[in-house]
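One structure is given here, and the rest of the page talks about it.
The values are calculated or read from the model by the stated rules, or taken from the named source; none is laboratory data. The shown structure was predicted, so the numbers you read here are calculated from the model rather than taken from an experiment. Because the Cβ atoms are built from the backbone with ideal geometry, glycine has one as well, and the counts that use them run over all protein chains shown. Just so you know, the surface numbers come from the protein's heavy atoms only, side chains and all, with ligands and any DNA or RNA stripped out. Shrake-Rupley method; radii C 1.70, N 1.55, O 1.52, S 1.80 Å.
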Amino acid sequence: MQTKLSETTAIGGFGAPTGKKLLKVLSGKYAGRMIAVYKTSDNEIKYSFSSSPYDSWSTLTSIVTDSANDAIDVAMSPTGDVYLIYCEITTNYLVSVKLSISDTGWTIGSKVFVYNAGVTNTPSVTIDSNGVFYVSFSRLNSSVFDLHVKTSDDDAVTWGTSPSDNGEIIANGYSMVIPKIMASDNNLFVVYVTDWNAVKQQSRLLSGGSWTTEYTIASSTNIDEHFDAIVLSGGFVGVVYDDNQLNYREYDGKNWSPITVLDSSESFFPQMTLVNNIPVILYLSEFNTNQFQLKQANRQTGTFSTPATLEKRAAVFDSVMLYDINSSTYEEKTTEAANSISADLFHSASSQLCSSVADKLYCGSDVKFRFLHMLLSTAGVGGSVTYSYYDGSNWKSFVPSSGVYNLDASAQDVLLWDDFDSSPQDWQKNIINGVSRYWIKIEVNSAFTLAPIGTQLRSITLIQSVSVRR
């Protein structure tokens, strides 16, 4: 939300929560450069990159245009070469493409078949410390899916013995399987969701040998694709998953820990990463219908913290004020705007949200914001409004990025600016009815024949997926 890179028409531009889409070069000439790889449509994958301080991003570059409408994944070498794994649109064969880092970005290599003897989906890729690549994927076997792992030790030029090589089959007979593959110093781990009802795990030594017996981390009728896993310091494994609540379990090399409930609300797109070897979990928490807050929990103190809102610029408003021109009075309606009680957002002098010319609605926050989520119990008819912000001297009118909303629909999401970088540099705090905030003023400039009455007004966005750098 800080910087808008592009729009996407893909149903799932970021694919599965387990996938890596934002990566940072760790060493070498280009250390610190970041790249974002994602789908801009169901079939096209593009990239954009930026260097410190990451305040501008390159024009999008197309990598491939033949991707199936399925999850993708990427991995990066320490010096910045990128390896994309995806399924072809027509065949659903599994392919890889190497992007070689350069002064001007990345050079896109030729497509290499990872597996070309059947329908595949949900790939996941990793690189171990010796530069060996591993990809896990599901393969259609008659009417069910089997889970496979294939290896490349020549910079992803060849996978296994040939493209038709099945690799290692580590699980079979599922109607659905979504994996996450990871490597520690000594072991290869695969954590996977099966049949929308279980999270499971297997591992083997990097040097080869047999896979461990399949272990069920969790089972429930409410488990879905919203899970993630990570190799922790010491070679242990942490797993987070949604089961109508956000849960965490950890393997210490011998046993799995009891379930830790991180958030009792349903959660989406959990992402795990390490910050100074401390596990951090970022996820979307459902605040209300079509409203999701980006939250985080970390284990800095030895136990996971209470989840905290990470993006405070997308929250309930610190202040909501209504001004009625006929009574020349302000009323604070902050509580009414934040709650979900129907038809409680109105000025007592008129019993309306606003109606006459010069009636005003003020949305205020301690930080700059970019979004309005508005619910009306009664939609306005016949009127029109203007939008403005305070520039330190005057109210400056503007047209929201999503267009002017004249309070004439019962539910509306208003995008004020495309991203936080686009919000006005001259936007200043102002005092309204004795309260200093960053205000957006919505003022009636044409009277309503049927006045709107409000139910809810927040700046919580309709964010649907996230991808954490890791």
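Quick check for you: with a 1.4 Å probe and neighbouring chains kept, what is the accessible area per residue of the chain, in Å²?
On a per-residue basis, 41 Å².
Could you sort out which of Lys4/Lys46; Lys295/Lys360; Lys312/Lys429 sit more than 21 Å apart by Cα distance in this structure?
Over 21 Å apart, Cα to Cα: Lys295/Lys360.
Restricting to Cα atoms and excluding each atom paired with itself, what does the Kirkwood estimate give for the chain in Å?
Across the chain, the inverse of the average 1/r is 24.4 Å.
Alpha carbons only, please: Rg and Dmax for the stretch 264-326, in angstrom.
Just the Cα atoms of the stretch 264-326 yield Rg and Dmax of 16.1, 61 Å.
Please report, to one decimal in angstroms, the Kirkwood hydrodynamic radius of the stretch 293-352 built from all distinct Cα-Cα pairs.
14.3
Please give the per residue volume of the convex hull enclosing the alpha carbon atoms of the stretch 107-258, rounded to a whole number of Å³.
127
Would you mind telling me the share, in percent, of accessible area of the stretch 129-275 contributed by carbon and sulfur at probe 1.4 angstrom?
Carbon and sulfur atoms account for 46 percent of the accessible area of the stretch 129-275.
On a C-alpha basis, how far is the centre of the stretch 224-242 from the centre of the stretch 308-325 in Å? Whole number, if you could?
Between the Cα centres of the stretch 224-242 and the stretch 308-325 lies a distance of 35 Å.
Run the numbers on the stretch 108-181 and let me know its relative contact order in percent, using alpha-carbon pairs under 8 Å that are six or more apart.
Averaging sequence separation for qualifying contacts and normalising by length gives 35 percent for the stretch 108-181.
Computing the accessible area with a 1.4 Å probe over protein heavy atoms, can you report the carbon and sulfur percentage for the stretch 316-454?
C and S atoms contribute 46 percent here.
Once the convex hull of the alpha carbons of the stretch 20-112 is built, what does its volume come to per residue, in cubic angstrom?
85
If I take all pairs of Cα atoms in the stretch 219-281, what percentage of them are more than 16 Å from each other?
Tail of the P(r) past 16 Å holds 44 percent of the pairs.
With equal scatterers on the alpha carbons only and no solvent term, can you work out the Debye log10 of I(q)/I(0) for the stretch 121-169 at 0.18 1/Å?
Per q value, in the given order, log10 I(q)/I(0) is -0.55.
How much FRET efficiency would the formula 1/(1 + (r/R0)^6) give for Ser348 and Ser51, where r is the Cβ-Cβ distance and R0 is 60 Å, rounded to 0.05?
0.65
Using alpha carbons only, what's the Rg to Rh ratio of the stretch 152-206 with Rh from Kirkwood?
1.01
Got a sec? What order do Arg469, Arg33, Arg299 fall in by accessible area at 1.4 Å, biggest, i.e. largest, first?
The residues order as Arg469, Arg299, Arg33, largest area first.
By a straight-distance test (C-alpha under 16 Å), which aspartates and glutamates pair with Lys111 as possible cross-link partners, with residues fewer than eight away in the same chain excluded?
Filter leaves Glu44, Asp66, Asp73, Asp81, Glu88, Asp154, Asp155.
What are the semi-axes of the equivalent ellipsoid for the stretch 1-63, taken as the square roots of 5 times the Cα gyration tensor eigenvalues, largest first, in whole Å?
Largest first, the stretch 1-63 gives 21, 13, 11 Å.
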